[in-house]
Structures are given as structure tokens and as C-alpha cells.
Amino acid sequence: MHGKYFNSWEALGLGYIGAYVASHVPDIELSFMQGCFDNDDTIVAACSNADIVAFSCTSPSFAHAAATARAIKAINPNVWIVVGGYHVSALQHACLGDGVDQIVVGEGEGAMLEVVSGNRSPVVYGRNMDFVELPWPDRDLIRNERNIAVAFAENEKRITSFQSHRACPFMCKYCCDGFNKVLYGNVRKAPVRYRPVGDLLSEIDAVTEKFQLDLVKFADPTWNTNIDWVIEFCKEKLERKIQVPFYPNIHATMSSERMFELMARAGCYEVAIGVESGSPRILKQIGKGTTVETIRRCVRWAKQAGILCRGYFIVGMPDENDDDLALTEEFAAELDLDEYGFTLLCPYPGTAMYDPVKFKDVDWEQADEYSNDFWSGTTLSNAQFKAWQQRLALRFSGKLTWHHRALGHGAA
């Protein structure tokens, strides 16, 4: 079961878990529900006859999963309810009970196989999986066609995502993959594993043909953590004449002019760059390892190569002030990007910004990076941060991302 959230995306992680478990337990019967497509009554009715029901949850979707678990238990108390994902990996024992029998912390494939094989420990710790032991995600199981149809309705392109590596080496303080490495036991050095390029391209080629894709995206938080891997990917994609365009998330500092030239030749349609701020002071504080100079250079190289640029900005760093945000507005205009996204910092459990005492009673179902009513800085209030978010959205209203437009941001 994939959690309920306004923004629909394919449950790639559950596709991997389902494929992995099925490869070890051939007679298992698996089915899939997704909160954005299946209504609550349908989900509860379908799950009440299961032996095990497993949810994958972010913080905004956990409350709905817990409510669904209680509804299933009310019909059949013997259903074993398991929840995994970032939220429970961050809060762990706090998520047990009230319908939830067991949680999975970390990567889910090996852990879910343990659960299916009889492990009933309250907390199961997943091991770090290597791509060579993972089957391709089961896209029929996760009903990937539904997500592709949504993408087409929004963009007139048939799009789906692929994973090229696991874990992120960067230390961004606002990110669960960053400073605390939530899925990996709060280690400082994440166990980054890169997928063999040939295997990734074979999956892209097969899935593109099967689903008639117009564009492929990468689910990786940062795609270019290793420039040599990117160059290898582009060269092999060209050699194999795989034509489908692609769109990754890019770290501005981990780039080179040659990398962008090869990406363009290999069919890179657009890149998404985490700009975050135009203030050198704020960029230094967040721990990402970028500067205004590396961001400016990255955008210039991408544009020179003919690649579209989307920029993501975060309003609301802890001691951000009006001067910092004015620099962000000025920098955003200077970069002249093709698309803009302006989110409000949300201190999710597991990030360095999260305070377990201060935010203990936050209703995460009503809070995310697009809007929340509780986060304030040392200088600016929640209302002031939101005013800046709206100001920026209005300034760049003609180039806002789909998510902003769907939520009505940037409207006068």
C-alpha cells in the first residue's frame, strides 16, 4: 500500500520490494493499492482478507496509513500491519501500536522478506541492498500505467521514473537523505551504491517500449553524485541508440562542462537544480556544498548545452532574514530559469531541523514543504516566510512548476 498524498508518483520502492520478495517466495500472492487512486473503502475491503498489509509512508501520509490500519483491524484483527519508509525510520518505536504491529527501518527488500518468512519483531532493520541482487521493480504490480496517465494529463508526456543509485553522500540539513541519513542509522558517510549502467539502460529501454514513454525521470535525490558514472551512462546510451529523453536532479557543484555536453548529446531534456537560496550565508549554513558561483556556472553550462533548467528554492532557513530572501529573489531572476519551485522549509522527522519535543504534536498530514503553519525562524515568522513564498511565486508566476500551479500558488 502506497500512502495517500496530493502529489501522485509511482511506488518504485514497493515495486522493488514486491519483485524481490516474489523472486524468493514464488507462490506468494501480492496485490497493490495506492491512496491517490483507490478510495478508503476499496482499500480496507481488499486488505481485510490479507495475511500481511504493508504500508510505505512519508510523514504527510503516515496518519492516513495508521487510520487505514485501524479500519482493517476493526474488520479482521488478525491482519499483520507493517509500515516502512522515512517517517517510521526516523521516529521508530513512536510509530508502533494503534493498528501498527511492526515497522521496517531502512531499505525494505531484505526486511520484507524476513517479515514474510515469519519475523514478528516490533522493529525489523533492513540491510543495504546491492543492485546486482535486485530484480527490476514490478511495474505491473504497482500499476505504473495509472501514474503515467496522470503525467500525460499534466504534461502531455508519458513519463515514469527509474533508480540509478541508492543513498546520498551530501549533508543537507533539511533533508532526510542528508545530514542524519535516516535510512542508514544516522551515519555520517552514506553507503552509496551505483547501479550498473548497462542494467539501468536495459530497464529504461524495455520499460520505454512497453509503456511508450516520452520522457524518463530519475527518482534519485541527486543523480550526478559521480561525474564518471554520468559520463559512462551517457556514452553507453548513445552507443545503444536509446532515444528516449531523460530528466535528472542535479547537484550544481558536481558538474562539468563536458558532462553537460555529453548529457545533451545523450538526450537530456531538462535538469532540476537545488538552488535553495541566493544568499552565500544561507548556502553555507545548510551544508549542501554549493555556492552562488557553482550554481551560476552549472546553469550556464546546462543552457549552453541546450538543456532546460528547473530551479528549486527553499524559503525559511532557521535564521534567514529579509536581506537573505531579497538576495534569493535577485539570484532567481539573474539565473533566468525555465521553471521555478518555491517551497517552505518543513522540518520533517529525521532532518537536522527537527525538534522531537517542539514538534511532537505536529499534524504531519496537514504539513509539507508547500505549506505548514508551525515553522518559524529566529528572525522571521511563519506568516513572513509564507509572504516571501507568495511574493516569489507571483514574481515568477509564468514559470512555476506544476505542483505550485495545482495548489494555486502565484495567483494574485
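The values are calculated or read from the model by the stated rules, or taken from the named source; none is laboratory data. Note that the coordinates shown come from a computational prediction; the quantities given were computed from them, not determined experimentally. Neighbour counts are summed over all protein chains in view; Cβ atoms, including those assigned to glycine, are modelled from backbone coordinates with ideal geometry. Only protein heavy atoms, including side chains, enter the accessible area calculation; ligands, DNA and RNA are left aside. Shrake-Rupley method; radii C 1.70, N 1.55, O 1.52, S 1.80 Å.
Before moving on, here are some points about what is shown:
- Surface/4 of the Cα convex hull for segment 1-95, nm²: 6.2 nm²
- Kirkwood Rh, angstrom, segment 134-221 [1 / mean 1/r, Cα pairs]: 14.7 Å
- Looking at segment 17-120, the GluC sites (Glu not before Pro) that sit in a DSSP loop and have at most 10 other Cβ atoms within 10 Å of their own Cβ are E29.
- Counting only protein heavy atoms and a probe of 1.4 Å, the accessible surface of the chain is 51% carbon and sulfur.
- Taking one quarter of the surface of the C-alpha convex hull of the chain gives a mean projected area of 19.1 nm².
- Computed with a 1.4 Å probe on the full set of protein chains, the accessible area for S59 sits at about 10 Å².
- In a DSSP loop and with at most 15 other Cβ atoms within 10 Å, the trypsin sites (Lys or Arg not before Pro) in segment 100-203 are R120, R127, K157, R188, K189.
- Charge tally in the Cβ shell below 10 Å around Y269, where Lys, Arg are +1 and Asp, Glu are -1, Y269 excluded: 0
- Residues V150, V53 ordered from highest to lowest accessible area at a 1.4 Å probe: V150, V53.
- Y312 contributes an accessible area of around 80 Å² to the protein surface, as traced by a 1.4 Å probe with all chains present.
- Annotation for segment 367-412: chymotrypsin sites (Phe, Trp or Tyr not before Pro) lying in DSSP loop with at most 13 further Cβ atoms inside 10 Å of their Cβ do not exist.
- Pairwise centroid distance, computed over Cα atoms, of segment 368-384 with segment 266-289, Å: 21 Å
- Taking the charge dipole of the chain about its Cα centre, with +1 at Lys and Arg Cβ atoms and -1 at Asp and Glu Cβ atoms, the residue from F152, M263, H24 reaching farthest to the positive side is M263.
- Solvent exposure of segment 187-317 amounts to 40 Å² per residue of accessible area, where only protein heavy atoms count and the probe is 1.4 Å.
- Formal net charge of residues neighbouring M129 (Cβ-Cβ distance under 9 Å; K, R +1; D, E -1): -1
- Rg ratio (alpha-carbon, reference 2.2 N^0.38 Å) - segment 300-412: 1.13
- Ellipticity estimate at 222 nm from DSSP helix runs (n ≥ 4, -39,500 (n - 2.57)) divided over the chain, nearest 500: -11500 deg cm²/dmol
- Dipole magnitude of the chain about its Cα centre (Cβ charges: Lys, Arg +1; Asp, Glu -1), debye to nearest 20: 700 debye
- For segment 204-252 versus segment 43-96, the gap between their alpha-carbon centres in whole angstrom: 34 Å
- When the P(r) is computed for segment 45-199, the part past 23 Å accounts for 47% of the Cα-Cα pairs.
- Charge context of L325, other residues only, Cβ under 13 angstrom, K/R +1, D/E -1: -4
- Net charge dipole size for segment 217-283 [Lys, Arg +1 and Asp, Glu -1 on Cβ; Debye, nearest 20]: 140 debye
- Taking 4.7 Å between beta carbons as the limit, the unpaired Cys residues of the chain are C36, C47, C57, C95, C168, C176, C234, C268, C298, C309, C346.
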